[in-house]
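Below you'll find the structure, written out as structure tokens, and then a few comments.
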Amino acid sequence: MLLPDRKEEATRDKRKYKTVKYNIDSKSKNKYKGKTFYLKTYGCQMNERDSETLVAMLKQLGFKEEKDYRKADFLLLNTCSIRENAHNKAFGMLGRFKHLKQTRPEIVIGLCGCMAQETSVCEELLKNYKFVNLVFGTHNLDKLPILVDKAFSSDERQIEVYSREQDLVEDLPVIRSNKYKAYVNIIYGCDKFCTYCIVPYTRGRERSRKKEDILNEIDELIKDGYKEVTLLGQNVNAYGKDLYDDYNLGDLLEEIAKKDIPRIRFMTSHPWDFNDKMIEVIGKYSNIMPSIHLPVQSGSSKVLKLMGRRYTRESYLELFNKIKEIVPGVAISTDIIVGFPGETEEDFEETMSLVEYCKYDNAFTFIFSERKGTPACKIEDNTTLEEKEERLQRLNEVVNEGFLKHNQELVGRVVKVMVEGVSEKKDMYYGYTETNKLINFTSNKELIGGDIVDVEVMDAKTWSLDGRSI
Ligand code: 5AD
Ligand code: SF4
């Protein structure tokens, strides 16, 4: 048994990480033929991407996917720790699995991902969730085949969570959930330690993949007919810092933009690591989508300081304006936390005025959620939950008005849309614009996924557009 240790997770290892190749023992291949697995994923795109690898590894072992958890032989939750509700959802699901285990004791139940990295979660699993057979963390995902084998062949619980990052593993198998759009990891972990955030503990230190490995993966995707890649990282703008003296996200984006790939996206950006070269490259290449997720978190410099965000309201706005000026037609989206400890009504008003100024194209808004062991837990908090909920509601009203306004501005205009498939709406297709807006549209031609077509916007709603292809 190997349990995580928060102190160790918080310390950063200065060594350079090696890159190793994934290898599966040939004896394990198809060993579990006839068995099925159920996998549920919570949280961000990084987890979704990890799950694409988990699925591929399980299929190499011979498992078949089963969408109904009640019928599966192996049940796995890939979990998220970012806020309490994600945490509660996973525990709720474990409750259902417990009932199932009573009638089908032979099933194997596993939990992996960010929650597995939390000491308190592992302790809770050990004490009160004895029916969970397998727990592994974010640093040993590649060991799934070995761990599953142990869990199926022994009655002993398998708990193997490392507190430290391991070497970077390349050549992991993947079964992508979309045929036209692919996620490509470029950097793992985060070194920013925003005071509310658990990610630097659960995902470890910033580790960039070698540029050759990223570029090769993209070449393969192009060969396989992919039309869009999204470069992923907790903070993609820190790409390269740990590996190269003079090669960053701007350079990587430029190299990818010269390839024959119609759409490039990237997320998430930390304002502190955004430099002029990156903005210039995003503005220069038409296949780098003019869509940037730039979390602000708060409009008050006082709160930003308490959050450890390393920028002020003024410096954020300076960056925001620069991006708007240099990248034609750019859509900027954001994340905002309300009710951070110490946030007064005046601080919140500053967030409201910033949002009114920025008129974001999209915004994800959250009430602050205390995460065990993060520095924000120690800040005095005098605001009640009712006040926080009321602030969230006021904020949502303003941001939603902004989304509708942006969408209405597009009515009558022609936008480029990548077709994703047939819409749930009768006789309509759906896809995303360059600025990542969902659009349902009619077409008098047969379209297939991955096609990029011109669509005239006919109508606007808060969350989507309607149109017709021309
Ligand atoms: N409470 C509320 N929201 C949080 N986020 C991260 N940690 C917390 C927390 N403890 C939000 C931030 C981040 C997004 C992914 O989740 O806004 O940008
Ligand atoms: Fe969390 Fe801040 Fe890192 Fe984003 S940049 S993952 S909010 S610590």
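The values are calculated or read from the model by the stated rules, or taken from the named source; none is laboratory data. Remember, predicted model here, so these are calculated numbers, not experimental data. Here the Cβ is made from the backbone with ideal geometry for all residues, glycine too, and neighbour counts use every protein chain on show. With ligands, DNA and RNA removed, areas are computed over all heavy atoms of the protein, side chains included. Shrake-Rupley method; radii C 1.70, N 1.55, O 1.52, S 1.80 Å.
Restricting the search to the stretch 243-264, which residues are farther than 17 Å from R209 by Cβ and basic (K, R)? Passing the criteria: K258, R263.
Scanning the stretch 56-67 for residues that are under 23 Å from the mean Cα position of the chain (by Cα) and surrounded by 22 or more Cβ atoms within 10 Å (Cβ to Cβ) yields a count of 2. Here G95 fulfils each of the conditions (1) modelled with pLDDT of 95 or more; (2) in contact with a strand residue (DSSP E or B) (Cβ under 9 Å, 6 or more places away or on another chain); (3) over 29 Å from Q234 (Cα atoms) apart from (2). Within the stretch 208-241, the set of residues being within 16 Å of ligand 2 (Cβ to nearest atom) and assigned to a loop (DSSP other than H, G, I, E, B) comprises G233, Q234, N235, Y239, K241. Within the stretch 191-206, being more than 16 Å from ligand 1 (Cβ to nearest atom) and open to solvent by 20 Å² or more (accessible area, probe 1.4 Å) holds for one residue alone: R205.
Check whether at least one residue in the stretch 349-365 is free of Cβ contacts under 8 Å to residues at least 12 places away in the same chain, over 27 Å from the mean Cα position of the chain (by Cα) and away from ligand 1 (no atom under 12 Å from the Cβ), and report yes or no. Yes, because at least one residue in the stretch 349-365 is free of Cβ contacts under 8 Å to residues at least 12 places away in the same chain, over 27 Å from the mean Cα position of the chain (by Cα) and away from ligand 1 (no atom under 12 Å from the Cβ).
Which of the following residues is surrounded by fewer than 19 Cβ atoms within 10 Å (Cβ to Cβ) and within 28 Å of T119 (Cα to Cα): R12, R70, R49?
Unique residue meeting the criteria: R12.
Applying a threshold of 7 Å to beta carbon distances and a minimum spacing of six or more residues, or different chains, the list of pairs starting in the stretch 304-332 at a residue that is under 27 Å from P200 (Cβ atoms) and among the charged types (D, E, K, R) and ending at one that is open to solvent by less than 50 Å² (accessible area, probe 1.4 Å) and in a loop (DSSP other than H, G, I, E, B) reads R309/C194; R313/G299; R313/S300.
Looking at the stretch 150-169, can you tell me whether even one residue there is more than 16 Å from ligand 1 (Cβ to nearest atom), over 17 Å from the mean Cα position of the chain (by Cα), modelled with pLDDT of 95 or more and among the acidic types (D, E)? No, because not a single residue in the stretch 150-169 is more than 16 Å from ligand 1 (Cβ to nearest atom), over 17 Å from the mean Cα position of the chain (by Cα), modelled with pLDDT of 95 or more and among the acidic types (D, E).
Here W272 meets each of (1) closer than 28 Å to K18 by Cβ; (2) within 16 Å of ligand 1 (Cβ to nearest atom); (3) surrounded by fewer than 20 Cβ atoms within 10 Å (Cβ to Cβ) with one exception, condition (1).
Restricting the stretch 1-43 to residues that are in contact with an Asp or Glu (Cβ under 7 Å, 6 or more places away or on another chain) and of a type in the set (F, W, Y) leaves a set whose member that is farthest from V148 (Cα to Cα) is Y17.
Taking the conditions exactly as written (under 15 Å from Q166 (Cα atoms) and surrounded by 16 or more Cβ atoms within 10 Å (Cβ to Cβ)), does Y17 satisfy them or not? Even if it seems obvious, please write down each step before you answer.
Details: under 15 Å from Q166 (Cα atoms): yes; surrounded by 16 or more Cβ atoms within 10 Å (Cβ to Cβ): yes.
Yes: the conditions hold for Y17.
What are the residues in the stretch 79-127 that are away from ligand 2 (no atom under 16 Å from the Cβ), open to solvent by 50 Å² or more (accessible area, probe 1.4 Å) and under 24 Å from Y201 (Cα atoms), if any? Matches in the stretch 79-127: N85, N88, K89, E123, E124, K127. Considering (1) surrounded by 21 or more Cβ atoms within 10 Å (Cβ to Cβ); (2) among the polar types (S, T, N, Q); (3) within 19 Å of the chain's Cα centre (by Cα); (4) at pLDDT below 95, the lone condition that N140 does not fulfil carries the number (1).
Only one of the listed residues (Y244, Y180, Y188) is surrounded by fewer than 18 Cβ atoms within 10 Å (Cβ to Cβ) and either away from ligand 2 (no atom under 15 Å from the Cβ) or within 16 Å of the chain's Cα centre (by Cα) (or both). That residue is Y244.
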